[in-house]
Amino acid sequence: MKRTPLYQVHKTLNAKFTEFGGWEMPLQYSSIVKEHLAVRATVGLFDLSHMGEFEIHGQGANELVQKLSTNDVGRLTDGRVLYTLFCNETGGIVDDLLIYRYTDNHYMLVVNAANIEKDLAWVRSHNDTDAEIEDLSNETVLIALQGPKSIDILNLFVSELDVSEISFFRFMVGEVAGIPTVISRTGYTGEIGFELYVQTSSGEDLWNALYPAVIEAEGQPVGLGARDTLRLEAGLRLYGVDMNDDTNPLEVGLSKFVKSKNRQFIGKNALLAAKKKGITKQMVGFQMLDRAVARTGYAVYQEGERIGEVTSGAPSPSLKCSIGFAIVTSQTISEDDEIDIEIRSRMHPAKIVTEPFI
């Protein structure tokens, strides 16, 4: 398995490791619940260096990213970030990602760890605009600082800047602890937070600068276990679990990130046709009504009829119950409707709830 440049740091902190997308990553350092609640109450420090980063330069850069993106890159100005999707010709989701605009001919794409090779091949195969494409994944360390105290902590390490002035989904290039850093007001937790991109050679120095301040603020280093429960509570999808090449954005509740007016992109015609025909399945959020935990692949029933299956499910440390997403075929299902989920050959009650869960 691949390891991030911070692997030895995590070993020193006695992290428990797990495999994720071909990477050996920290699952937890103390406990998933403790780390989760620390992010909600104070602050958490994450190593996300398994993510992929591509830079696209040149006069054809804007045209290329527009063609690939379901969301409208033309809405971006310098220093802004856009959540978007790559779709294939049939409307299936190739990946979900962030696009950073430095200038009109300079962008950074941040893609999911398991999809780095696939996405890079996808971008290159559609590069008929002579844009320059660089894979900087192995040269980049990504550290996230997430939680209510993240602004105060990050301000300890920057000068001539108050990071609270960086608006949500905006970024700037500056220095953190004297290290050149892309400071991005983004995250995957539903909390105030930042994602910090630095050169690989500076990654350990940045972690070691931030870590004592995080601990002093009663925060925690956070592994993938709590990252998953945090994103689930926040109503955020996970590629490869909640969506894939065979699902389209309309089916998984991401239609607001498809901007088709006055622009062309790969998959547009298929998505317009699907919308006109009518969507036959949809993603819903649910909350278990007993102590059972519904996991990926469990069957969902309504009034005795199977209507779909769970895509994500986990105990919610904040709500003290289990929650999840399911893909269902029922067109009449709505908030507070009760469903049943089959767990080990027994039916367990749940109800439909509106996302985000918190």
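The values are calculated or read from the model by the stated rules, or taken from the named source; none is laboratory data. All values derive from a computational prediction rather than experimental measurement. A quick note on method: Cβ atoms are made from the backbone with ideal geometry, for glycine too, and the neighbour counts reach across all protein chains shown.
Kindly evaluate residue 39 against the criterion of being buried (at least 24 other Cβ atoms within 10 Å of the Cβ), touching a strand residue (DSSP E or B) at 6+ places or on another chain (Cβ under 8 Å) and of a type outside the set (Lys, Arg). For residue 39, the condition - buried (at least 24 other Cβ atoms within 10 Å of the Cβ), touching a strand residue (DSSP E or B) at 6+ places or on another chain (Cβ under 8 Å) and of a type outside the set (Lys, Arg) - is met. If only residues of the range 205-246 that are part of a loop (DSSP other than H, G, I, E, B) and more than 17 Å from the chain's Cα centre (by Cα) are counted, the one that is surrounded by the most Cβ atoms within 10 Å (Cβ to Cβ) is 219. Taking the criterion of being part of a helix (DSSP H, G or I), more than 18 Å from residue 195 (Cβ to Cβ), in contact with a strand residue (DSSP E or B) (Cβ under 8 Å, 6 or more places away or on another chain) and not basic (Lys, Arg), the residues of the range 120-137 that qualify are 120, 122, 123.
Determine which member of the set 167, 159 is among the hydroxyl-bearing types (Ser, Thr, Tyr) and modelled with pLDDT under 95.
Only one candidate passes the filter, namely 159.
Scanning the range 193-204 for residues that are part of a helix (DSSP H, G or I) and either touching a residue at least 24 places away in the same chain (Cβ under 8 Å) or crowded, with 19+ Cβ neighbours inside 10 Å (or both) turns up 200, 202, 203, 204. When the range 251-283 is filtered for residues that are within 22 Å of residue 356 (Cβ to Cβ) and without any contact (Cβ under 8 Å) to a residue 40 or more places away in the chain, the ones remaining, listed by number, are 255, 256, 279. Restricted to the range 140-192, the set of strands (runs of 3 or more DSSP E) holding at least 3 residues that are closer than 16 Å to residue 213 by Cα and in contact with a strand residue (DSSP E or B) (Cβ under 8 Å, 6 or more places away or on another chain) comprises 140-146.
Yes/no per residue for (1) assigned by TED's automatic domain parsing to the domain that holds residue 228; (2) buried (at least 16 other Cβ atoms within 10 Å of the Cβ); (3) closer than 23 Å to residue 181 by Cβ; (4) modelled with pLDDT under 95:
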{"residue": "15", "(1), (2), (3), (4)": "yes, yes, no, no"}
{"residue": "34", "(1), (2), (3), (4)": "yes, no, no, no"}
{"residue": "70", "(1), (2), (3), (4)": "no, yes, no, no"}
{"residue": "74", "(1), (2), (3), (4)": "no, no, no, no"}
{"residue": "77", "(1), (2), (3), (4)": "no, no, yes, no"}
{"residue": "93", "(1), (2), (3), (4)": "no, yes, no, no"}
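Per the conditions (1) closer than 23 Å to residue 198 by Cα; (2) aromatic (Phe, Trp, Tyr); (3) buried (at least 20 other Cβ atoms within 10 Å of the Cβ), the sole criterion not satisfied by residue 102 is (3). From the list 252, 258, 328, the one residue that fits, being in contact with a helix residue (DSSP H, G or I) (Cβ under 7 Å, 6 or more places away or on another chain) and aliphatic (A, V, I, L, M), is 258. Assessment of the range 40-62 against the conditions (acidic (Asp, Glu), closer than 29 Å to residue 216 by Cβ and touching a helix residue (DSSP H, G or I) at 6+ places or on another chain (Cβ under 6 Å)) yields no matching residue. Listed by first and then second residue, the pairs linking a residue in the range 121-148 that is within 17 Å of residue 265 (Cα to Cα) to a residue that is part of a loop (DSSP other than H, G, I, E, B), with Cβ atoms under 6 Å apart and 6 or more places separating them unless they lie on different chains, are 129/60; 131/58; 131/60.
Out of 124, 170, report the one residue that is among the charged types (D, E, K, R) and in contact with a Ser or Thr (Cβ under 9 Å, 6 or more places away or on another chain). None of the other options fit; the residue is 170. Mind listing just one residue for me: the one in the range 17-32 that is aliphatic (A, V, I, L, M) and closer than 27 Å to residue 136 by Cβ and, of those, surrounded by the most Cβ atoms within 10 Å (Cβ to Cβ)? It comes out as 25. Residue 322 falls short on exactly one of the conditions (1) more than 19 Å from residue 234 (Cβ to Cβ); (2) touching a Lys or Arg at 6+ places or on another chain (Cβ under 8 Å), and that condition is (1). Answer yes or no: is there a residue in the range 294-313 that is in contact (Cβ under 8 Å) with a residue 12 or more places away in the chain, loosely packed, with under 14 Cβ neighbours inside 10 Å and closer than 23 Å to residue 40 by Cα. No, the conditions are met nowhere in the range 294-313.
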